[in-house]
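Novice: Before we start, here is the structure in question, set down as structure tokens.
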Amino acid sequence: MTKNSKLSPETIAAQAAGQIDEKTGSVIAPIHMASTYARDENYDLREGLIYARYGSPTCGQAETVLQKLEEAEGTYLFNSGLSAAAAVLESLPAQSHIVVPENMYFGVLIWMQRQADKGYLTLDTYTPADLNSIKTAIRDDTALVWIETPTNPTWAVTDIAEVSKIAKAKGALVLVDSTTAPPCTTKPLALGADYAFHSATKYLNGHSDVLAGALSTNLIDDRWEDIGFVRKLQGTALPGFEAWLVMRGMRTLYVRWNKACENAMAIAKHFNNHPLVERVQYPGLPNDPGHAVAKKQMTGGFSGMMSILVKGDEEVARNVARNTELFLPATSLGGVESLIEHRYTIEGPDYGVAENLLRLSVGIEDPDDLIADLEQAITKACG
């Protein structure tokens with residue numbers, strides 16, 4: 001196979017896009033930690049490098065890997081998902097109209113609401129996965145339609161291709177938060193979206209040891225350049241060590257993802273119709289409302305994320321999280337370890353999360369051990 005042959009994404013990820021260190025032959029890319037870069041003998045920039053606030057070789061290498069996985073024309077890495085979201089919003093004209101799902105990652109939603117309260121933008125919401133609701137929310141002057149799919153923490157699945165058609169008919173841009181459906185299962189740009197967004201802290205890194213955000217596009221235009229300019233001004237390019245960690249994490253993305261999906265499906269099937277469980281929310285289940293759309297656009301698996309609504313009130317659900325031994329009671333998702341979280345405790349009453357909902361981030365442990373742990377925790381709290 002020649003270097004010009006089309007490689008599978010699994011190979012691209014595992015070999016970090018073939019980035020061997022030219023000087024030493026190291027199969028692991030070095031970490032560039034410099035805060036500034038010397039010019040050459042002609043006083044020209046070396047490879048465009050000037051200052052760490054503008055990016056670094058290591059950040060650029062990690063961006064190359066993700067860009068190839070997303071099949072994108074451009075990728076930026078940021079020091080957090082919220083930094084990436086803020087840069088997108090900053091690139092829009094003042095008082096732009098934005099359409100977002102009612103249920104989404106509440107950190108980004110809070111930031112948008114703050115901007116709306118200050119008059120920087122106008123905001124309307126739609127019901128996730130409801131195309132009629134989305135059509136109603138989009139106006140002739142809508143600048144951006146924000147999709148999160150599957151939606152955290154209810155895992156409703158929105159049809160990216162259909163929403164992209166609706167939005168573009170009105171001249172609106174489409175951004176897809178695909179944090180819980182990374183490029184090994186969903187490629188938003190190929191489905192018609194303008195931007196693919198990730199909290200790279202989650203599945204892309206996968207080891208719960210770095211904070212990072214990512215944005216990819218095939219729309220290389222003045223707005224894309226402006227997003228990059230905002231990143232420079234704010235100093236939110238992902239630093240070298242963190243970029244190296246994300247690149248390391250992407251090497252095992254496919255194997256981690258496959259195992260997490262396999263484990264999540266086993267857990268979802270076990271607790272579906274369980275006598276102490278009111279409902280399992282997981283798009284991989286055939287009876288899930290979003291299964292048909294998920295099957296169409298999540299071609300590599302249905303994620304390791306799910307929610308279980310136990311039969312009981314807020315305190316019962318919180319006790320389940322207290323009782324688990326293998327599922328760690330912590331915020332975040334997409335790591336190799338399994339996590340459980342009572343989302344109502346985190347988000348409060350203003351964001352529509354059911355009091356008896358427990359969000360699970362299923363890791364790569366033995367599925368029988370995970371099922372047994374949840375069984376004992378639920379039985380102790382609900383039985």
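Novice: Between helix 106-117 and the chain, what is the angle of the helix's C-alpha long axis to the longest principal axis, kept within 0 to 90° and rounded to the nearest 10?
Specialist: It works out to around 70 degrees.
Novice: Okay, moving on. Find which of Tyr344, Thr299, Val310 sits farthest along the positive direction of the dipole of the range 246-383, computed with +1 on the beta-carbon of Lys and Arg, -1 on that of Asp and Glu, about the Cα centre.
Specialist: Most positive-ward Cα: Thr299.
Novice: Based on DSSP, what percent of beta bridges with both residues in the chain are antiparallel, to the nearest 5?
Specialist: On the way: 26 of 45 bridges.
Counting only bridges with both partners in the chain, antiparallel ones make up about 60 percent.
Novice: Given a Förster distance of 51 Å, report the FRET efficiency between Lys295 and Thr36 from their Cβ-Cβ distance, rounded to the nearest 0.05. Don't skip to the answer; put the middle values down first.
Specialist: Numbers: r = 50 Å, r/R0 = 0.98.
Once rounded, the FRET efficiency stands at 0.55.
Novice: Where does helix 160-169 land angle-wise versus the long Cα axis of the chain, in degrees 0 to 90, nearest 10?
Specialist: Roughly 60 degrees, rounded to the nearest 10.
Novice: Now a separate question. In a Gaussian network model over the chain where Cα atoms closer than 10 Å are linked, find which of Arg39, Arg114, Arg322 has the largest mean-square fluctuation.
Specialist: Its mean-square fluctuation being the largest, the pick is Arg39.
Novice: Accessible area of the range 5-56 with a 1.4 Å probe: how many percent of it is carbon plus sulfur? Please list the in-between numbers first.
Specialist: On the way: 2030 of 3840 Å².
That share works out to 53 percent.
Novice: Another one. Using a 10 angstrom cutoff on alpha carbons, build the Gaussian network for the chain and name the most mobile of Thr24, Thr345, Thr36.
Specialist: Taking springs between Cα atoms under 10 Å, the residue moving most is Thr24.
Novice: Using just the Cα positions, wrap the range 177-265 in a convex hull and report its mean projected area in square nanometres, one decimal place.
Specialist: Working: hull surface 25.5 nm².
The number I arrive at for the range 177-265 is 6.4 nm².
Novice: Calculate one ³J(HN,Hα) per residue across the range 233-238 by plugging θ = phi - 60° into the Karplus curve 6.51 cos²θ - 1.76 cosθ + 1.60, and present them in order as whole Hz with x for glycine and proline.
Specialist: With coefficients 6.51, -1.76 and 1.60, one gets 4, 7, x, 10, 4, 5 Hz.
Novice: Continuing with the same structure: What whole-number distance in Å separates the alpha-carbon centres of the range 100-129 and the range 327-341?
Specialist: Each part's Cα centre sits 26 Å from the other's.
Novice: Using a 1.4 Å probe, what is the accessible area per residue for the chain, in Å²?
Specialist: On the way: 16580 Å² over 383 residues.
That works out to 43 Å² per residue.
Novice: Stretched out fully, how many nm does the piece from Thr122 to Ser8 gain, at 0.36 nm a residue minus the Cα gap? Don't skip to the end; give the middle numbers.
Specialist: Numbers: separation 114, 0.36 × 114 = 41.04 nm, distance 4.19 nm.
Taking 0.36 nm per residue and subtracting the Cα distance, the gain is 36.9 nm.
Novice: Right, here's the next one. Given a 1.4 Å probe and the protein chains all in place, what does the accessible area of Phe241 round to, in Å² to the nearest 10?
Specialist: The value for Phe241 is about 90 Å².
Novice: Test of understanding: in a Gaussian network model of the chain with alpha carbons linked when under 10 Å, which of Gly192, Gly25, Gly312 would top the mean-square fluctuation ranking?
Specialist: Gly25
Novice: Follow-up. Of the heavy-atom accessible surface of the range 61-144 (probe 1.4 angstrom), what whole percent is carbon and sulfur?
Specialist: On the way: 1530 of 3540 Å².
The computed percentage sits at 43.
Novice: Hey, another quick one. For the chain, give the magnitude of the charge dipole about the Cα centre (Cβ charges: +1 Lys/Arg, -1 Asp/Glu; no others), in debye to the nearest 20.
Specialist: Details: 33 positive and 47 negative charges, 90 e Å.
Once rounded to the nearest 20, the dipole reads 440 debye.
Novice: Moving to a separate point now. What list of ³J(HN,Hα) couplings, whole Hz, do you get for the range 80-93 from phi and the Karplus terms 6.51, -1.76, 1.60, once you set θ to phi - 60° and write x for glycine and proline?
Specialist: Karplus values, whole Hz, x for Gly and Pro: 6, x, 5, 5, 5, 4, 5, 5, 5, 4, 5, 6, 7, x.
Novice: Now for a separate question. What whole-number volume per residue, in cubic angstrom, does the convex hull of the C-alpha atoms of the chain give? Don't skip to the end; give the middle numbers.
Specialist: On the way: hull volume 57.1 nm³, N = 383.
So the per-residue hull volume is 149 Å³.
Novice: Protein chains only, probe 1.4 Å: how do Tyr51, Tyr254, Tyr37 rank by accessible area, largest first? Can you show the working numbers first?
Specialist: Values: Tyr51 105, Tyr254 25, Tyr37 45 Å².
Highest to lowest solvent-accessible surface, that is Tyr51, Tyr37, Tyr254.
Novice: A further question on this structure: Hey, what do the phi angles of the range 309-326 turn into as Karplus ³J(HN,Hα) couplings, whole Hz, using 6.51/-1.76/1.60 and θ = phi - 60°, x for Gly and Pro?
Specialist: Coupling constants for the range 309-326: 9, 7, 7, x, 9, 4, 5, 4, 4, 5, 5, 4, 5, 5, 8, 5, 10, 8 Hz.
Novice: Accessible surface of Met306 in the full protein assembly, 1.4 angstrom probe, to the nearest 10 Å²?
Specialist: Here the residue's solvent-accessible area equals roughly 0 Å².
Novice: Now for a different question. Can you give me the relative contact order of the range 161-274 as a percent, contacts being Cα pairs under 8 Å and 6 or more apart?
Specialist: Working: 115 pairs, mean separation 24.8, N = 114.
22 percent.
Novice: Next question, about the same structure. For the range 256-383, which whole percent of the accessible surface, found with a 1.4 angstrom probe, sits on carbon and sulfur atoms? Don't jump to the answer; show the numbers that get you there.
Specialist: Working: 2800 of 5280 Å².
Carbon and sulfur together cover 53 percent of it.
Novice: Go ahead and estimate [θ] at 222 nm for the chain from helices alone: -39,500 (n - 2.57) per DSSP H run with n ≥ 4, summed, over the residue count, rounded to 500.
Specialist: Numbers: 13 runs with 142 residues, N = 383.
-11000 deg cm²/dmol, from helical runs alone.
Novice: Now a separate question. Please give the helix 57-70 orientation as an angle from the longest Cα principal axis of the chain, in degrees from 0 to 90, rounded to the nearest 10.
Specialist: The helix 57-70 is inclined about 60 degrees to the chain.
Novice: What does the accessible area of Lys202 come to, in Å² to the nearest 10, when a probe of 1.4 Å is used?
Specialist: Using a 1.4 Å probe on the heavy atoms, I get roughly 40 Å².
The values are calculated or read from the model by the stated rules, or taken from the named source; none is laboratory data. Every value quoted in this text rests on a predicted model; they were computed, and no experiment measured them. Cβ coordinates were reconstructed from backbone atoms using ideal geometry, including for glycine residues, and neighbour counts include every protein chain displayed. In case anyone asks, the SASA skips ligands and DNA or RNA and just uses the protein heavy atoms, side chains included. Shrake-Rupley method; radii C 1.70, N 1.55, O 1.52, S 1.80 Å.
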